[in-house]
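The values are calculated or read from the model by the stated rules, or taken from the named source; none is laboratory data. Predicted, not measured: the structure shown is a model, and the values here were computed from it. Note: ideal-geometry Cβ built from the backbone for every residue, glycine included; neighbour counts use all protein chains shown. Surface areas here come from the heavy atoms of the whole protein model, side chains and all, with no ligands, DNA or RNA. Shrake-Rupley method; radii C 1.70, N 1.55, O 1.52, S 1.80 Å.
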Amino acid sequence: MLEIKNLSKTYKKGNVKALDNVSLSINEGEFVALLGQNGAGKSTLINILAGNVTKDNGTVIVGDYNLDKNELETKKILGIVPQEITFDFVFSVGEILKNQSLYFGIKENQKYIDELLATLSLSEKKDAKSRGLSGGMKRRLLIAKALVHRPKLLILDEPTAGVDIELRRSLYDFLNQLHQQGTTIILTTHYLEEAEKLCDRIIIINEGKIIADDSKNKLMDTLGNEAMVELNFDNKKELSDFHFLTSYSPVMKNSKTLQMKASKQNIADIFYRISSNKVKFSNFKIEPQKLEDVFLTLINDESNK
Ligand SMILES: Nc1ncnc2c1ncn2[C@@H]1O[C@H](COP(=O)(O)OP(=O)(O)O)[C@@H](O)[C@H]1O
Ligand SMILES: [Mg+2]
């Protein structure tokens, strides 16, 4: 669906190497997160696909088409939601979507446009000028605009930045739905819980280089083997009550809550020690390590090289 080989880009201004020999391949039907800190090169990559930034080197194949030879055909396959919000503000919401359809040569698209407006809670704003929309509405309009021609590959560049939680949730549902209907999706984000919830595969980019590309589960397995174990008690406890757990360096989170980090293989041992010492707990929680921890580990490893 998308094949990127040895893609490089240095911005003359500031002599910034934004992309350094990036290669990746996305299969049809995947839902991929492209993660990276600010300045990692995510938008540069997406803007090259969108034709807004010229690459220095490398090849980009979208579907069966080479971006250098057949840009218009690649545009039909791609739906891109840019990070920057730019509309022709003199047009209304409805007009913007109609114009975008016409750009793709689709004359009769009103039914689908109305559907998109409804799903993105914009129906009431159909005749409103885009200028007057709230930030969240503009973001949703950008998404509708990227979808009018029913692209097979949808790429969203930080679509939830600055968007409130409720709206984010409804956007997640919408993306899930599109994915289930067969759209391949690449989601760029620095909200890790977003990637964690939605995507099956995670690509991490750091300083213009891909430093990880694997299934979410595998990434978490190799790097995220630690879990946080928490035990709750009905009565007040002291750390010395848990001398039999010293090797796990537990801490009292409060007088009735004990916490410790442990590798998943050791969890059974923790509970064995507790029951052997006849300690009764009222509740417990085991939380797997978050993607965020994995992400930070990887980035730190990379900068220590
Ligand atoms: N138009 C530009 N001119 C000069 N430098 C740029 C431009 N756009 C981005 N950069 C620089 O390129 C690097 C990558 O930026 P960007 O692709 O926007 O990263 P991200 O989207 O991951 O935050 C950053 O160092 C950024 O400052
Ligand atoms: Mg960006």
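Axis of helix 165-180 versus longest Cα principal axis of the chain: the two differ by about 70°, to the nearest ten degrees. DSSP loop GluC sites (Glu not before Pro) in the range 225-254 with at most 12 other Cβ atoms within 10 Å of their Cβ, which ones? In loop regions of the range 225-254 (DSSP not H, G, I, E or B), the sparsely surrounded GluC sites (Glu not before Pro) are Glu238. Between Ser275 and Asp301, the FRET efficiency estimated from the beta carbon spacing at R0 = 35 angstrom works out to 0.40. In terms of packing, defined here as the mean over residues of other Cβ atoms within 10 angstrom, the peptides 121-127, 94-100, 281-287 line up highest first as 94-100, 121-127, 281-287. Assuming a ≥ b ≥ c are the square roots of the Cα gyration tensor eigenvalues, decide whether the range 86-190 counts as rounded (a/c under 1.5), prolate (otherwise, with a/b larger than b/c) or oblate. Judged from the Cα gyration tensor, the range 86-190 comes out oblate (a/c at least 1.5, b/c at or above a/b). Beta-bridge orientation, the chain: approximately 65 percent antiparallel, per DSSP, counting only bridges with both partners inside.
When +1 charges are put on Lys and Arg Cβ atoms and -1 charges on Asp and Glu Cβ atoms, the dipole computed for the chain relative to its Cα centre reaches about 400 debye.
Just Val251, Val163, Val93 to compare: in a GNM of the chain, with alpha carbon springs under 10 Å, which one fluctuates most? Checking each option, the largest mean-square fluctuation is seen for Val251.
Figure note: Met260, Met220 ranked by solvent-accessible area, largest first, 1.4 Å probe, ligands and nucleic acids not counted: Met220, Met260. Considering only Leu97, Thr10, Asn52, and ranking their Cα positions along the charge dipole of the range 1-108 that arises from unit charges at the beta-carbon of Lys, Arg, Asp and Glu, the one farthest toward the positive end is Thr10. Distance from the C-alpha centroid of the range 95-154 to that of the range 2-27: 30 Å, rounded to the whole angstrom.
Helical runs (DSSP H, four residues minimum) scored at -39500 (n - 2.57) apiece and divided by the length of the chain put the mean residue ellipticity at 222 nm at -10000 deg cm²/dmol. Among Ile211, Ile203, the order of accessible area from largest down is Ile211, Ile203, computed with a 1.4 Å probe on protein heavy atoms.
In this Cβ point-charge picture (+1 for Lys and Arg, -1 for Asp and Glu), the range 226-288 has a dipole of about 120 debye about its Cα centre. Binning the C-alpha pair distances of the range 226-288 at 5 Å intervals from 0 yields a P(r) profile of 4, 19, 34, 31, 12, 1 %, listed from the shortest bin outward. Using C-alpha pairs below 8 Å separated by at least 6 residues, the relative contact order for the chain is 19 percent.
Using C-alpha pairs under 8 Å with a sequence gap of at least 6, the mean separation divided by the residue count of the range 70-154 gives a relative contact order of 50 percent. Among Ser170, Ser276, Ser263, which one shows the biggest mean-square fluctuation in a GNM of the chain, springs joining Cα atoms closer than 10 Å? Of Ser170, Ser276, Ser263, the Gaussian network model singles out Ser276 as fluctuating most.
The simple Förster model, with R0 at 41 Å and r as the Cβ-Cβ distance, assigns Arg150 and Thr10 a FRET efficiency of 0.70. Among Phe233, Phe295, Phe87, the largest mean-square fluctuation in a Gaussian network model of the chain (Cα springs under 10 Å) belongs to Phe233. Counting heavy atoms of the protein chains alone, His190 has an accessible area of about 80 Å² for a 1.4 Å probe.
Based on the Stokes-Einstein relation at 10 °C and a viscosity of 1.306 mPa s, and on the Kirkwood radius from alpha carbon pairs, the chain is assigned a translational diffusion coefficient of 72 µm²/s. In this structure, Met228 and Gln110 have a Cβ-Cβ separation that, at R0 = 45 Å, corresponds to a calculated FRET efficiency of about 0.30.
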